[in-house]
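The values are calculated or read from the model by the stated rules, or taken from the named source; none is laboratory data. Note that this is a predicted model, so its numbers are computed, not measured. Methodologically, a virtual Cβ is constructed for each residue, glycine included, from the backbone with ideal geometry; neighbour enumeration extends over all protein chains shown.
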Amino acid sequence: MADTVLYEVSDGLATITLNRPEAMNALNTELKNALRDATQAAASDGSVRAVLLTAAGDRAFCVGQDLKEHVDTLIEARESGASDTVMSTVKDHYNPITRALAGMPKPLVAAVNGVAAGAGFGFALAADYRIVADTAKFNTSFTGVALTADSGLSWTLPRLIGPSRASDLLLFPRNIGAEEARDLGIVNRIVPAADLAEEARKLARTLAEGPTVAYAAIKESVAFAATHTLDEALDKEDELQTRAGSSEDHYLAVRSFLDKTKPNYLGR
């Protein structure tokens, strides 16, 4: 991985760290390429049982597209008459990253240490659980630079807070503090900024030691149910419960329950 994204796997936990703190972890091409590679690696690695997405520095989780780099691309495209290629980064980077995050067959925790704006907001919402510093802020940002939503925000935000509130935040971008974000349903847990790294790792570690097959099935069932009928969701639950019920972890859990011991899950 490039220096702009740090990737580490330890005892089943993959930690992906955005590492451009001097630029508030803005998404330049190098970082986007590295983040795409890291998220896809974590998703496909069978030894990874949970993922922690975090960021270096204390000012920002990710402020979205690096506009300093983007303006050069914009000028070059307009001068060459290829304006329709300006936002090719959505197809090349943002979509693959968001798909890898949201479709991760294992739990994903986002630790938001500061500002999460634009695509940074979208990446945070693609996680299963958001633990944030009390100094965190969220902002859709897109219309501020005459753009529309990307990185899945048009899908994730309405599902979390409803279409009306999502439209409000997308049409009229503003900073949303940690407390308001929790009230809206964007944030799961707020901790003091000084405690974020430790608490986020503790949470992710707990998930990495849990029943991975069951976690993956829960993620799949919730995503499926969001766009299908009750009857279809029930059939999907049957399919996924069959999968979870045949896992080694389910057997271990039942044996441990009967033996009154704590199960040592294997993730399979």
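Taking the criterion of being touching a residue at least 24 places away in the same chain (Cβ under 8 Å) and closer than 17 Å to Ala127 by Cα, the residues of segment 221-253 that qualify are Ala223, Ala226. Only one of the listed residues (Arg255, Arg268) is surrounded by 11 or more Cβ atoms within 10 Å (Cβ to Cβ), outside the structural domain of Ala100 (by TED's automatic domain parsing) and assigned to a loop (DSSP other than H, G, I, E, B). That residue is Arg268.
Each row is one residue, and each column tells you yes or no for (1) assigned to a loop (DSSP other than H, G, I, E, B); (2) assigned by TED's automatic domain parsing to the domain that holds Glu30; (3) free of Cβ contacts under 8 Å to residues at least 40 places away in the same chain; (4) under 16 Å from the mean Cα position of the chain (by Cα).
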site: Leu52; (1), (2), (3), (4): no, yes, no, yes
site: Gly57; (1), (2), (3), (4): yes, yes, no, no
site: Phe61; (1), (2), (3), (4): no, yes, no, yes
site: His70; (1), (2), (3), (4): no, yes, yes, no
site: Thr73; (1), (2), (3), (4): no, yes, yes, no
site: Lys91; (1), (2), (3), (4): no, yes, yes, no
site: Pro96; (1), (2), (3), (4): no, yes, no, yes
site: Lys106; (1), (2), (3), (4): yes, yes, no, yes
site: Ala116; (1), (2), (3), (4): no, yes, no, yes
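In the set Glu248, Glu237, only one residue is more than 30 Å from Ala119 (Cα to Cα), touching a Leu at 6+ places or on another chain (Cβ under 6 Å) and of a type outside the set (Phe, Trp, Tyr); that residue is Glu248.
Every condition in (1) loosely packed, with under 15 Cβ neighbours inside 10 Å; (2) touching a residue at least 60 places away in the same chain (Cβ under 8 Å) holds for Leu27 except the one numbered (1). Taken across segment 119-131, residues that are assigned to a strand (DSSP E or B) and among the charged types (D, E, K, R) do occur, with at least one present. Within this structure, Gly162 fails the test of being touching a helix residue (DSSP H, G or I) at 6+ places or on another chain (Cβ under 8 Å), in the same structural domain as Leu108 (by TED's automatic domain parsing), modelled with pLDDT of 95 or more and not hydroxyl-bearing (Ser, Thr, Tyr). Just one of Thr227, Thr242, Thr206 is among the polar types (S, T, N, Q) and either within 30 Å of Ala60 (Cα to Cα) or in contact with a Leu (Cβ under 6 Å, 6 or more places away or on another chain) (or both); which is it? Thr206 is the lone residue from the list that is among the polar types (S, T, N, Q) and either within 30 Å of Ala60 (Cα to Cα) or in contact with a Leu (Cβ under 6 Å, 6 or more places away or on another chain) (or both).
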